[in-house]
Amino acid sequence: MSTDIATRNLRIRTEEQEHTATVNCSGRLMAGDTEVLKTHVKELLQGRNCVVLDLVELNQLDSSGLGTIVGLYISAKRANCDLVLIHYNKAIRELLGLTNLLSVFEDVGRSHTRLP
C-alpha cells in the first residue's frame, strides 16, 4: 500500500509492507510541518518491526524537524520498533553529528540487516 501526504514544505510518500514501512521525505522538514510527519509515523509504528525514514530528497532540517525525528525514535523504542534513517545528505549528517545523534542512528542502521 502507498500513501502520499504533502504540506507547504514537505512531501511524504509511504510504502507499507507487513512488518516494515518506508517513509520517503522530500523538501524541507521545518517547524509547522513536523506535526504531519510525527502523526503519520506514529501510526505506522504499531504492529511493525521497522520504520525506515528515507531522507534522500530532504534538503533542509531545522531544530523542530530534528526534535521530531528524536521523538519518533523514542516512540519507536516504546513500540518495540526500529526507526532507521537512510540516505541523508551531508548537512543532515553534520547536524546529527553535532548533536551526538549520528552514532545512535548509525548503530540502528548497522544492526538492521533487512531493509525493504
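Anything in the stretch 5-50 that is of a type in the set (D, E), over 20 Å from D62 (Cα atoms) and in contact with a Ser or Thr (Cβ under 8 Å, 6 or more places away or on another chain)? List them, or say none. Quick ask: steps written out before the conclusion?
Of the residues in the stretch 5-50, the ones of a type in the set (D, E) are 15-16, 18, 33, 35, 43.
Next, from what is left, pick out any that are over 20 Å from D62 (Cα atoms): 15-16, 18, 43.
Those that are of a type in the set (D, E), over 20 Å from D62 (Cα atoms) and in contact with a Ser or Thr (Cβ under 8 Å, 6 or more places away or on another chain): E15, E16.
Restricting attention to the stretch 30-48, does a residue exist that is within 16 Å of L83 (Cβ to Cβ), assigned to a strand (DSSP E or B) and in contact (Cβ under 8 Å) with a residue 12 or more places away in the chain?
Start the filter on the stretch 30-48 by keeping residues that are within 16 Å of L83 (Cβ to Cβ), which leaves 34, 37-48.
Within this subset, residues satisfying the condition of being assigned to a strand (DSSP E or B) are none.
No, every residue in the stretch 30-48 fails to be within 16 Å of L83 (Cβ to Cβ), assigned to a strand (DSSP E or B) and in contact (Cβ under 8 Å) with a residue 12 or more places away in the chain.
Restricting to the stretch 74-95, name every residue that is surrounded by fewer than 21 Cβ atoms within 10 Å (Cβ to Cβ), in a helix (DSSP H, G or I) and touching a helix residue (DSSP H, G or I) at 6+ places or on another chain (Cβ under 8 Å).
S75, R93, L95 - these are the residues of the stretch 74-95 that are surrounded by fewer than 21 Cβ atoms within 10 Å (Cβ to Cβ), in a helix (DSSP H, G or I) and touching a helix residue (DSSP H, G or I) at 6+ places or on another chain (Cβ under 8 Å).
Select from the stretch 39-59 the residues that are surrounded by 15 or more Cβ atoms within 10 Å (Cβ to Cβ) and under 20 Å from L96 (Cα atoms) and list them in ascending order.
If the condition is that a residue be surrounded by 15 or more Cβ atoms within 10 Å (Cβ to Cβ) and under 20 Å from L96 (Cα atoms), then V41, V51, V52, L53, D54, L55, L58 are the ones that fit.
Residue check: is G27 part of a strand (DSSP E or B) and at positive phi? Please lay out each step first, then the result.
Values: part of a strand (DSSP E or B): yes; at positive phi: yes.
Yes; evaluated as a whole, the condition is true for this residue.
Among (1) touching a residue at least 60 places away in the same chain (Cβ under 8 Å); (2) more than 10 Å from the chain's Cα centre (by Cα), which single condition is V52 missing?
For V52, the exception is condition (2).
Could you list all residues from the stretch 31-49 that are hydrophobic (A, V, I, L, M, F, W, C) and modelled with pLDDT of 95 or more?
Those that are hydrophobic (A, V, I, L, M, F, W, C) and modelled with pLDDT of 95 or more: V36, L37, V41, L44, L45.
The values are calculated or read from the model by the stated rules, or taken from the named source; none is laboratory data. Since this is a predicted model, take the numbers as computed values, not measurements. Glycine gets a Cβ as well: all are built from the backbone with ideal geometry, and neighbour counts include every protein chain shown.
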